[in-house]
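Asker: Got a structure for you, questions after.
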């Protein structure tokens, strides 16, 4: 009989999961503009493409009234990119 255990998360996956859990606890949607911009500045390989950035920039300043779901998804993308750097 084999002892089947669920696969363990890698340290990066675990960090990502914990950070997403923290970021969305208590019905939080996203950080305030300053901290979110600081996170974006830490992302690797950000560059201007046309009139925007790649990866897409934080939904702050003129985009602050964007619907919550889009902010959540954008923040998750930024967190995933940052945690995949192994830091």
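Asker: Using a Gaussian network model of the chain whose springs link C-alpha atoms within less than 10 Å, name the residue from 67, 31, 58 with the highest mean-square fluctuation.
Answerer: Greatest mean-square fluctuation among the candidates belongs to 67.
Asker: In degrees between 0 and 90, to the nearest 10, how far off the longest principal axis of the chain does helix 11-24 point, with axes built from Cα atoms?
Answerer: 50
Asker: Between 0 and 90 degrees, rounded to the nearest ten: what's the tilt of helix 33-42 against the longest Cα principal axis of the chain?
Answerer: The helix 33-42 is inclined about 70 degrees to the chain.
Asker: If each DSSP helix of 4+ residues adds -39,500 (n - 2.57) and the sum is divided by the residues in the chain, what number results at 222 nm, nearest 500 deg cm²/dmol?
Answerer: The helix contribution divided over the chain gives -14500 deg cm²/dmol.
Asker: Can you pull the one-decimal nm distance between simple spin-label points at residue 14 and residue 63, each 7 Å off the Cα toward Cβ?
Answerer: 3.3
Asker: Moving to a separate point now. Please rank 48, 81, fewest neighbouring Cβ atoms within 10 Å first, as an exposure proxy.
Answerer: Going from least to most buried by this count: 48, 81.
Asker: Specify the angular offset, from 0 to 90 degrees and rounded to the nearest 10, of the alpha carbon long axis of helix 68-83 from the longest principal axis of the alpha carbons in the chain.
Answerer: 60
Asker: Here is a follow-up. If I compute Kirkwood radius over Cα pairs in Å from the structure I just sent, which labelled value in (i) 14.4; (ii) 17.3; (iii) 12.6 lines up?
Answerer: (i)
Asker: Something else: Need the full-extension length gain, residue 56 to residue 73, defined as separation in residues times 0.36 nm minus the C-alpha distance. One decimal, nm.
Answerer: 5.0 nm
Read-outs throughout are calculated quantities, based only on the coordinates presented, and are distinct from any laboratory measurement. This one's a predicted model, so the numbers in the text were calculated from it and none came from an experiment. Methodologically, a virtual Cβ is constructed for each residue, glycine included, from the backbone with ideal geometry; neighbour enumeration extends over all protein chains shown.
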